[in-house]
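Participant: The structure follows.
Rule-based calculations on the coordinates, nothing more; no lab input. Everything quoted here is computed from the prediction, not taken from an experiment. For neighbour counting, all protein chains shown are included, and Cβ atoms are generated from backbone atoms with ideal geometry for every residue, glycine included.
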Ligand code: 13P
Ligand code: SF4
């Protein structure tokens, strides 16, 4: 019978007593959010991924929206877009396995061209990144000559390469104000740009991109959470529509929301953002009661343990960025990193 080395299922060890024993400390970490009955289906992958990443000198970078078994049991570094980009540039590894979406993997490659950057699913996209192309930015530059272009990191390398500087949701206001101009073009997230406009005197022109996850929240959702969970503190990501942000108690990037919980320790909180955030953060703050709204990012959820193992086993799904594009994109990302 022909065998194929590409078959991942056969390469995954069964849930043996030895694996149960070896992964017990990891399970204990997540036992409040992962039911014990599910652990045998995760543990063999977790065990093998953790073994293989050492053998490959690979690091696993996981965004705050990854599921808890990825976030807490195999990731070497976790964080928001900015933290992951920084880690990609600074880490001492030959291989980066990006557990996030494609623009994050591209950013890692742009900042660490000498490293092999792998993404477990090439189709893990982003509605914001898909909303604009490099050609669109060239047209904007013709239409608004001299107006600096501040580009959200949730974009392709091609778009970054056409921009003056990048920003993330954690530093957008600071980046806009650093430019010393009266007007900037902030692309492609219309809602993030509108939020920034409420925080600065600089005039913000924008684009009509939206995050398909955050745009689904409404002020009525917040009213419902407040009624059904008295005293709940509402934290919203700036990719949410303006009326949602206006109804929230605090707005910040994914790491900004985590820091809020860490510093203020509210009794009860709701994070108006992607589902997995609350699960991941709840592990660190068992005394805080998390109300858990669930709007899933279908792109983030393409990344799974079997795909991560497959990627590491076969060193496939490598992310490449054209050298000239990478040079332009790097300049925009580094311009941001130089300011914050
Ligand atoms: P952060 O930079 O806040 O992690 O956001 C990334 C993202 O994709 C949010 O939807
Ligand atoms: Fe893109 Fe929204 Fe998913 Fe973030 S949550 S990756 S912005 S689609």
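Participant: According to a simple spin-label model (label point 7 Å from Cα along Cα-to-Cβ), what is the distance in nm between residue 246 and residue 259?
Facilitator: 2.7
Participant: Among rounded, prolate and oblate, which fits the stretch 292-339 when a ≥ b ≥ c are the square roots of the eigenvalues of its C-alpha gyration tensor, a/c under 1.5 means rounded, and a/b larger than b/c means prolate?
Facilitator: Because a/c hits 1.5 or more and a/b fails to exceed b/c, the stretch 292-339 counts as oblate.
Participant: Here is a further query. To test your reading of the geometry: what angle, between 0 and 90 degrees and rounded to tens, separates the Cα axis of helix 305-314 from the longest principal axis of the chain?
Facilitator: 80
Participant: Continuing with this model, one more query. Full-extension gain between residue 208 and residue 268, please, as 0.36 nm times their residue separation minus the C-alpha to C-alpha distance.
Facilitator: Contour length minus Cα-Cα distance gives 18.2 nm.
Participant: FRET efficiency for residue 315 and residue 216, Cβ-Cβ distance as r, R0 = 30 Å, nearest 0.05?
Facilitator: 0.25
Participant: Sort the following peptides by mean Cβ neighbour count (other Cβ atoms within 10 Å, averaged over residues), highest first: 304-315, 72-83.
Facilitator: 72-83, 304-315
Participant: Can you give the translational diffusion coefficient of the stretch 1-135 in µm²/s, computed by Stokes-Einstein from the Kirkwood radius over Cα pairs at 25 °C and 0.890 mPa s?
Facilitator: Rounded to a whole number, D works out at 150 µm²/s.
Participant: How high is the relative contact order of the stretch 112-179, in percent, counting Cα pairs under 8 Å that sit 6 or more residues apart?
Facilitator: Value for the stretch 112-179: 27 percent.
Participant: Further question: Any idea what the relative contact order of the chain is, in percent, if you count C-alpha pairs under 8 Å spaced at least 6 apart?
Facilitator: In percent, rounded to a whole number, it is 21.
Participant: In addition: Rounded to the nearest 0.05, what FRET efficiency do residue 198 and residue 94 give with R0 = 56 Å and r taken as the Cβ-Cβ distance? Could you check?
Facilitator: Efficiency computed from Cβ-Cβ geometry: 0.80.
Participant: Also: Would you please classify the overall shape of the chain from the alpha carbon gyration tensor, given that a ≥ b ≥ c denote the square roots of the eigenvalues, rounded means a/c under 1.5, and beyond that prolate means a/b larger than b/c while oblate covers the rest?
Facilitator: Judged from the Cα gyration tensor, the chain comes out oblate (a/c at least 1.5, b/c at or above a/b).
Participant: Would you calculate, for the chain, the mean residue ellipticity at 222 nm contributed by helices, counting each DSSP H stretch of 4 or more residues as -39,500 (n - 2.57) and dividing by all residues, to the nearest 500?
Facilitator: Roughly -13000 deg cm²/dmol at 222 nm, from the helical runs in the chain.
Participant: Output the 0 to 90 degree angle, nearest 10, between the alpha-carbon long axis of helix 275-284 and the longest principal axis computed from the alpha carbons of the chain.
Facilitator: 70
Participant: State the antiparallel share, in %, of DSSP beta bridges confined to the chain, rounding to the nearest 5.
Facilitator: Of those bridges, close to 5 percent are antiparallel.
Participant: I've got another one for you. Just need the relative contact order of the stretch 1-128 here, percent rounded to a whole number, with Cα pairs under 8 Å and 6+ apart.
Facilitator: Dividing the mean separation by the residue count of the stretch 1-128 yields 19 percent.
Participant: Take the alpha carbon gyration tensor of the stretch 38-78, find the square roots of its eigenvalues, order them as a ≥ b ≥ c, and report rounded if a/c is under 1.5; if not, report prolate when a/b exceeds b/c, else oblate.
Facilitator: Verdict is oblate for the stretch 38-78.
Participant: Stretch residue 114-residue 285 to full length: gain in nm at 0.36 nm per residue minus the Cα-Cα span?
Facilitator: Extra length available between residue 114 and residue 285 comes to 57.8 nm.
Participant: Fully extended, how many nm does the chain gain between residue 337 and residue 122 (0.36 nm per residue separation, minus their Cα-Cα distance)?
Facilitator: Residue separation times 0.36 nm, minus the Cα-Cα distance, leaves 74.8 nm.
Participant: Ranked highest first by the average count of other Cβ atoms within 10 Å around their residues, in what order do 265-275, 226-236, 147-157 fall?
Facilitator: 147-157, 265-275, 226-236
Participant: Right, something else. For the chain, modelled as a GNM with alpha-carbon contacts under 10 angstrom, which of 124, 20, 112 fluctuates the most?
Facilitator: It is 20.
Participant: Output the 0 to 90 degree angle, nearest 10, between the alpha-carbon long axis of helix 102-111 and the longest principal axis computed from the alpha carbons of the chain.
Facilitator: 80
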